[in-house]
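Engineer: Quick one: the structure is below, and I'll ask about it shortly.
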Amino acid sequence: MNAQDLAFVEGLSEKLYVSTNNQERDQASLALQSFLQPTKLEVLSQTQYILDNTSSPYAQLLASTSLLKIVSEHWNTFNPQARMEMSE
């Protein structure tokens with residue numbers, strides 16, 4: 001993920017959480033599906049990048065919710081060092 005990707009995610013996140021247009025929200029949801037229903041650990045680094053680099057509350061909400069799902073579903077797959085780092 002880079003700054004351009006982050007800006008794209010920030011825009012989509014705002015549409016997802018704020019838009020009153022159902023079609024716009026649905027399109028944002030579809031584009032952000034990897035964050036809304038994370039099934040792969042690769043999303044972990046993207047969520048960390050978003051949380052480290054955004055000031056958008058909508059992108060922060062998206063990333064933190066995704067991170068919580070990833071950690072909850074895959075906790076046992078992380079090695080002890082990674083678990084310790086995440087708990088700090």
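The values are calculated or read from the model by the stated rules, or taken from the named source; none is laboratory data. None of these values were measured; they are calculated from a predicted model. A quick note on method: Cβ atoms are made from the backbone with ideal geometry, for glycine too, and the neighbour counts reach across all protein chains shown. Only protein heavy atoms, including side chains, enter the accessible area calculation; ligands, DNA and RNA are left aside. Shrake-Rupley method; radii C 1.70, N 1.55, O 1.52, S 1.80 Å.
Engineer: Read through the list (1) small (Gly, Ala, Ser); (2) farther than 14 Å from Ala63 by Cα; (3) without any contact (Cβ under 8 Å) to a residue 40 or more places away in the chain, then give the number of the only condition that Ala3 fails.
Structural biologist: All conditions are met except number (3).
Engineer: If I ask for residues that are open to solvent by 50 Å² or more (accessible area, probe 1.4 Å) and at pLDDT 70 or above, which ones from segment 63-75 would you list?
Structural biologist: Selection gives Ser64, Thr65, Leu68, Lys69, Ser72, Glu73.
Engineer: Another question, then. Suppose we keep only residues that are part of a helix (DSSP H, G or I) and surrounded by fewer than 18 Cβ atoms within 10 Å (Cβ to Cβ) within segment 40-59. Which one would you say is modelled with the lowest pLDDT?
Structural biologist: Glu42
Engineer: For Phe8, are the conditions met, namely being open to solvent by 80 Å² or more (accessible area, probe 1.4 Å) and either modelled with pLDDT of 85 or more or assigned to a loop (DSSP other than H, G, I, E, B) (or both)?
Structural biologist: Here the answer is yes, as Phe8 does meet what is asked.
Engineer: Taking the condition of being more than 13 Å from Leu12 (Cβ to Cβ) and open to solvent by 60 Å² or more (accessible area, probe 1.4 Å), how many residues in segment 27-39 meet it?
Structural biologist: 2
Engineer: On to the next question. For residues that are part of a loop (DSSP other than H, G, I, E, B) and in contact with an Asp or Glu (Cβ under 9 Å, 6 or more places away or on another chain), tally how many sit in segment 11-39.
Structural biologist: Total meeting the criteria: 2.
Engineer: Let me ask something else. Need the failing condition index for Glu85 against (1) of a type in the set (Asp, Glu); (2) surrounded by 15 or more Cβ atoms within 10 Å (Cβ to Cβ); (3) modelled with pLDDT under 95, just the number.
Structural biologist: (2)
Engineer: Could you give every pair whose Cβ atoms fall below 6 Å, whose first residue belongs to segment 43-62 and is without any contact (Cβ under 8 Å) to a residue 24 or more places away in the chain, and whose second residue is in a helix (DSSP H, G or I) and surrounded by 15 or more Cβ atoms within 10 Å (Cβ to Cβ), counting only separations of at least 6 or pairs across chains?
Structural biologist: The qualifying pairs are Thr47/Ala63; Thr47/Ser66; Thr47/Leu67; Leu51/Ala63.
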